[in-house]
Amino acid sequence: MAKKNTSDFFDVNALVKTYVSKWYWFVISVIFCLVMAFLFCRIYKRPMAIRANVLIQQEDSNPMADLGGMGSLFGSKGFVEDEVFVIASHSLFSDVAKELGINKMHYVSDGFLKSHLAYPEFPVDVVAPGIADTLMSTIVFKVKINDKGLANIKAKVKRDVIGKAKDVTLPAQLHTDYGDFTIVTTPEYVKGKSLKTTISFTGYDVAAEDLDKEVMAYRGSKKSNVISLALNTPNADYGTAVLNKIIEKYNERGINEKNLQGEKTAAFLNDRIGLLSNELNESESAIQRYKEQNRIVDVAAEANYQSVKKGQMESAVFNTEKEIALLKLTREFLADSLNYTELIPASVANGGVQSGINTYNALVFKRLELTQNAKQNSYALRQLTKQMDLVRANLLVSSDKALENAELNLSKIKAEQSSIAGKLGNIPTQEREYINMKRQQEIKQEIYLFLLQKQEENAMLLANSIPKGQIIDEAFSLSEPLGLSKKVILLIALVLGLLFPPMLLYIRSLVRSKFETKEDVERRISAPILGEMCVDRSGRNLVVSATDTSSATELFRLIRTNLQFMLGGENDKVVLMTSTRSGEGKSFISLNLAATLSLLEGKRVLLVGMDIRNPQLANYLGINPPMGLTNYLSASNVSLESIIQPVPGVADCDVIVAGPIPPNPAELLASKKVDELFAKLRTMYDYIVIDSAPVGMVSDTFSLDRVADATVYVTRVNYSTVSDLRFVEDIYTNNRLKKLSVVVNGTTSKKGYGYGYSAKSARK
């Protein structure tokens, strides 16, 4: 069965009513938030944004860069990403802290919950030579000086007091486990004026760690070589001094690194130049000795000369061999008698032989002419023949001698040719050896000249060292402090003060286990709501009377009217009252509901106390009858009339109290005598109200459902739980009790049903 009271729309009116009922929450929340905002503004000083920009020079200033990989031995060009780590390095921050003395932070009180960072001038200082170099803790000195100049000093490390002095004049020495500290005044101290200051004393390494947290160093953009520095601090002088000192120490370190690099480079160059000078001299001497040993001036020229000479020798051999062959042919020609009158065809290089050949050939021509004109035995022909024989004989002798000379000359030429061939065979080896020696000498000479050049460049760099970081913007402060202004903070506090109560109410509604209003009950169960009863502060148990027009009486009359609609039928007159647990006001509602029904004209009402395990009606009415319901049910000699008692002060309303607590209450209520009893009572009364036991604790009430016509279930705000409502819903949806309806007890006073009710009705 669906919950008919569940609504899908947002009930703004109910929400507003809830907030109005909790108006004091809003007042407390707003006051609290405004007070906290005021204290925050009092204590917190808005920081100033300090900024600085440095351009990192990227040109290559390393004189050894041209050596390629060797240049990395003496430093290499720094990238901007690497320089970010350098400029924000721990060692650099430590140097900054040491030079500026910011390992000592001075806070001077300005009044209630207000102080400021004093820099660069402060009234009181702590002097401790050498301690800051090794100190790894933070020592806090609290100094109070009265108008008489007497000081109270306390030194603490975390929560431990390590030293204190009272009513001392400054300068004063404080002995601690960390060393001796002297507290002194400075020229800024004003005599005759009270002063309260706190000095935080740390080591330089700890101060560097603090700077690392405070200072931000980052690359301006991916496409730039600019490093930006940022520091947020309430003291602009402190921030600008720190950032400017960081840049100064960074550039100083860069110059020192460059100078150190230049000095190392100069030492390297001097060593190498001296070594190469010796090696170059040795190479030149070796070349000289090699030329002297091999009797060469120039290997290439010598090779060219020998090659030309070889060609000449080859030509000479050819010509000589040809001459020898011609001389042999000539000699053979002359030796053959058949060739006596023939011309000698040879042409030889030997001048004497060639002259004889020419003479002989001329004589042969002359003889041929004579033989044509003269007789064979003529004197001229005989004389010419003798002359030819003589020339022929001389020619044979001269040709033999020329042949001998030619063969001897050929041998000499061939010997010279062999010598030239040997020399040409040695030239490649000599050339290779000479070239290798020459190459070594040239390499050393080139390196020597290169190092001389770099030596001069390095000397120029040492004489003109410039910082690596070019300052674009020295440390400057933005015009407006960071953070929110006091007005905005107070406005936010006001808004938060108004928002916290709804948030808390919402969270409370999510985590609470108890409901608070009648509307909460309506949203969680589908059973009809018979009515509600406001909190009663009158102290009375019976609040209904015939002449009473109080809010309680009116609410009970409303419940009575709704109950009459629930009963409906003509014979419906028995109303079973129950709840989940004790303390929800079931007996109070039962008593006053019965009294309200008795106010109807001509109606007789009976209130039956059937919560026999924990009876309360007798106590509520202040009566102590001798007999009760349990006496009647357990004994046959007890009459019905003996247990019925009139309700004091209420006409036409009787009551049957529970009586003594029996040992077997469940069996007693399940007996047939109960049915017989109610059969009789129905004939005697117009309405019967049964005050039964809570159903969440025992099952007695379920056994009484057989004699009832309707059930009124009592719940109590801020007492009954949400799980109790689920239990009610389960009973209703499963029809375990007839005509179940709910009364919400303990609600707050409110206007409704056309009347103004006051809070004075509900009871447990």
**Report entry** Search result, residues across segment 560-587 that are in contact with a helix residue (DSSP H, G or I) (Cβ under 7 Å, 6 or more places away or on another chain) and within 23 Å of Pro646 (Cα to Cα)
**Finding:** Arg560, Lys573, Val574, Val575, Leu576, Met577, Thr578, Ser587
Query raised in the report: Quick one: would you say Ser545 is surrounded by fewer than 14 Cβ atoms within 10 Å (Cβ to Cβ), in contact with a helix residue (DSSP H, G or I) (Cβ under 9 Å, 6 or more places away or on another chain) and over 23 Å from Ala37 (Cβ atoms)?
Result: no
Query raised in the report: How many residues, within segment 97-125, are of a type in the set (A, V, I, L, M), in a loop (DSSP other than H, G, I, E, B) and either within 33 Å of the chain's Cα centre (by Cα) or farther than 26 Å from Leu150 by Cβ (or both)?
Result: 1
Query raised in the report: Within the bounds of segment 722-739, is there any residue that is under 16 Å from Glu522 (Cα atoms), among the β-branched types (Val, Ile, Thr) and surrounded by fewer than 16 Cβ atoms within 10 Å (Cβ to Cβ)?
Result: yes
Requested in this report: Could you grab me the full set of residues in segment 564-586 that are surrounded by 24 or more Cβ atoms within 10 Å (Cβ to Cβ) and either assigned to a helix (DSSP H, G or I) or touching a Pro at 6+ places or on another chain (Cβ under 7 Å) (or both)?
Outcome: Thr578, Ser579, Thr580, Lys586
Query raised in the report: Quick check: is even one residue across segment 279-295 within 28 Å of Leu100 (Cα to Cα), surrounded by fewer than 18 Cβ atoms within 10 Å (Cβ to Cβ) and in contact (Cβ under 8 Å) with a residue 24 or more places away in the chain?
Result: no
Report task. Considering (1) in the same structural domain as Asp691 (by TED's automatic domain parsing); (2) part of a helix (DSSP H, G or I); (3) under 58 Å from the mean Cα position of the chain (by Cα), say which one Ile589 fails and leave the rest. Result -> (3)
Query - When residues of segment 523-533 are limited to those that are of a type in the set (A, V, I, L, M, F, W, C) and buried (at least 23 other Cβ atoms within 10 Å of the Cβ), the one farthest from Thr721 (Cα to Cα) - result: Leu530
Requested in this report: Taking only segment 126-180 into account, find how many residues are among the hydroxyl-bearing types (Ser, Thr, Tyr) and assigned to a strand (DSSP E or B).
Outcome: 3
Report task. Please work out if Val647 is of a type in the set (Val, Ile, Thr) and out of contact with any Cys (no Cβ under 9 Å at 6 or more places or on another chain). Result -> no
Report task. Inspect all residues belonging to segment 176-192 and state whether any of them is without any contact (Cβ under 8 Å) to a residue 40 or more places away in the chain and crowded, with 16+ Cβ neighbours inside 10 Å. Result -> yes
Query raised in the report: How many of the residues in segment 22-55 are within 24 Å of Ala241 (Cβ to Cβ) and either modelled with pLDDT of 85 or more or out of contact with any Gly (no Cβ under 9 Å at 6 or more places or on another chain) (or both)?
Result: 10
Query raised in the report: In segment 698-751, which residues are hydroxyl-bearing (Ser, Thr, Tyr) and out of contact with any helix residue (DSSP H, G or I) (no Cβ under 8 Å at 6 or more places or on another chain)?
Result: Thr701, Tyr719, Ser720, Thr721, Ser723, Tyr732, Thr733
**Report entry** Candidates Ala595, Ala546, filtered to the one that is over 60 Å from the mean Cα position of the chain (by Cα), at pLDDT below 80 and either in a loop (DSSP other than H, G, I, E, B) or in the same structural domain as Thr715 (by TED's automatic domain parsing) (or both)
**Finding:** Ala546
Query - Answer residue from segment 243-274, given it is of a type in the set (A, V, I, L, M) and in contact with a helix residue (DSSP H, G or I) (Cβ under 7 Å, 6 or more places away or on another chain) and is farthest from Glu457 (Cα to Cα) among those - result: Ile246
**Report entry** Enumeration of residues in segment 237-264 that are touching a residue at least 12 places away in the same chain (Cβ under 8 Å), more than 17 Å from Ala97 (Cα to Cα) and not β-branched (Val, Ile, Thr)
**Finding:** Gly254, Glu257, Lys258, Asn259, Gln261, Gly262, Glu263, Lys264
Query raised in the report: Across segment 207-232, what is the number of residues that are crowded, with 19+ Cβ neighbours inside 10 Å and over 23 Å from the mean Cα position of the chain (by Cα)?
Result: 1
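Quick one: would you say Val84 is more than 23 Å from Pro120 (Cβ to Cβ), modelled with pLDDT of 85 or more, under 33 Å from the mean Cα position of the chain (by Cα) and not in a loop (DSSP other than H, G, I, E, B)?
yes
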Query raised in the report: Which numbered condition trips up Gly602, out of (1) out of contact with any Phe, Trp or Tyr (no Cβ under 8 Å at 6 or more places or on another chain); (2) not assigned by TED's automatic domain parsing to the domain that holds Leu668?
Result: (2)
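The values are calculated or read from the model by the stated rules, or taken from the named source; none is laboratory data. No experiment lies behind these values; they were computed from the predicted model shown. As a convention, Cβ positions derive from the backbone with ideal geometry for all residues, glycine included, and neighbour counts pool all protein chains shown.
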